[in-house]
Amino acid sequence: MRKDLSILVVEADSVKAKNIIDALLEAGWNYVHAIAQVSGLEQSVAKHAPDIVLIDIANPDRDTLEHIGAVSDAKSRAVAMFVDQTDQHLTQAALAAGVSAYVVDGLQMNRIKSVIETAIARFQMMRQMQSELDAAKQALEDRKTVDRAKGILMRKRSIPEDEAYKLIRKAAMDQGRKVIDVAQALVTASDLLS
């Protein structure tokens, strides 16, 4: 586990905040900042750009989850939240807000390292899944564009599909471009001329 990660702690109790910071430092993380209120989360995230946000709060409410949702950005940082009590609705709302680890029964200092490591692992897994989903969506969009380009050539030149694709691929090779770029240019030109 990387120890150069920056961690932002949100803890209203100053004594508990010091204990959390000490536990994180003892576990080997040296870049730790703390704030007392969730309302200051967005400003502190902008200032410190943490890799992980650790929030210890007795009972999260809608405002808390909105602040988390604004800063968690599932693609940029892990968020671990420790609560004293919860219900199914709050748990689902927290996960939807981008919380990577949602721990009920409060923050126990002897579990802090394992929870943070779990939050980071889950965050990385979710980020990879999102990246794969984005790539799959883009591949599907590219395929639709190439199919439209082939259809245009098939109609204009009265040629079969495989020959239309060969023309697009040859144009891409001749111009040193990607097939999708040539297909997109053809579709755009056709749209402009119709």
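The values are calculated or read from the model by the stated rules, or taken from the named source; none is laboratory data. No experiment lies behind these values; they were computed from the predicted model shown. Every residue, glycine as well, gets a Cβ built from its backbone with ideal geometry; the counts of neighbours run over all protein chains shown. Each accessible area value is taken on the protein alone, full model and side chains, heavy atoms only, with ligands, DNA and RNA left out. Shrake-Rupley method; radii C 1.70, N 1.55, O 1.52, S 1.80 Å.
Which pairs turn up if I take residues in the stretch 74-102 that are closer than 13 Å to residue 117 by Cα and look for partners that are open to solvent by 40 Å² or more (accessible area, probe 1.4 Å) and basic (Lys, Arg) with beta carbon separation below 8 Å, at least 6 apart in sequence or on another chain?
78/122; 100/122; 101/122
Looking at 96, 49, 70, 78 in this structure, which one is touching a Ser or Thr at 6+ places or on another chain (Cβ under 6 Å) and under 24 Å from residue 128 (Cα atoms)?
78
If I ask for residues that are open to solvent by 30 Å² or more (accessible area, probe 1.4 Å) and touching a strand residue (DSSP E or B) at 6+ places or on another chain (Cβ under 6 Å), which ones from the stretch 78-90 would you list?
86
Which members of the stretch 164-194 meet the condition of being in contact with a helix residue (DSSP H, G or I) (Cβ under 8 Å, 6 or more places away or on another chain) and among the acidic types (Asp, Glu)?
Once the filter is applied, which keeps residues that are in contact with a helix residue (DSSP H, G or I) (Cβ under 8 Å, 6 or more places away or on another chain) and among the acidic types (Asp, Glu), the stretch 164-194 yields only 181.
Looking at the stretch 28-64, which of its residues are buried (at least 21 other Cβ atoms within 10 Å of the Cβ) and either of a type outside the set (Val, Ile, Thr) or over 22 Å from residue 13 (Cβ atoms) (or both)?
29, 41, 50, 54, 56, 60
When you scan the stretch 74-107, how many residues do you find that are under 21 Å from the mean Cα position of the chain (by Cα), part of a loop (DSSP other than H, G, I, E, B) and within 17 Å of residue 7 (Cα to Cα)?
Summing the residues that are under 21 Å from the mean Cα position of the chain (by Cα), part of a loop (DSSP other than H, G, I, E, B) and within 17 Å of residue 7 (Cα to Cα) in the stretch 74-107 gives 7.
Could you check, for the stretch 139-150, whether at least one of its residues is in contact with an Asp or Glu (Cβ under 7 Å, 6 or more places away or on another chain) and part of a helix (DSSP H, G or I)?
yes
When you scan the stretch 178-194, how many residues do you find that are surrounded by fewer than 16 Cβ atoms within 10 Å (Cβ to Cβ) and more than 19 Å from residue 140 (Cα to Cα)?
5
List pairs: first residue in the stretch 165-187 and of a type in the set (Ser, Thr, Tyr), second residue modelled with pLDDT of 95 or more anywhere in the structure, Cβ distance under 7 angstrom, at least six positions apart or on different chains.
165/150
Report yes if some residue within the stretch 108-130 is surrounded by 14 or more Cβ atoms within 10 Å (Cβ to Cβ), in contact with a strand residue (DSSP E or B) (Cβ under 9 Å, 6 or more places away or on another chain), of a type in the set (Val, Ile, Thr) and outside any helix (DSSP H, G or I); otherwise report no.
Taking every residue of the stretch 108-130 in turn, none turns out to be surrounded by 14 or more Cβ atoms within 10 Å (Cβ to Cβ), in contact with a strand residue (DSSP E or B) (Cβ under 9 Å, 6 or more places away or on another chain), of a type in the set (Val, Ile, Thr) and outside any helix (DSSP H, G or I).
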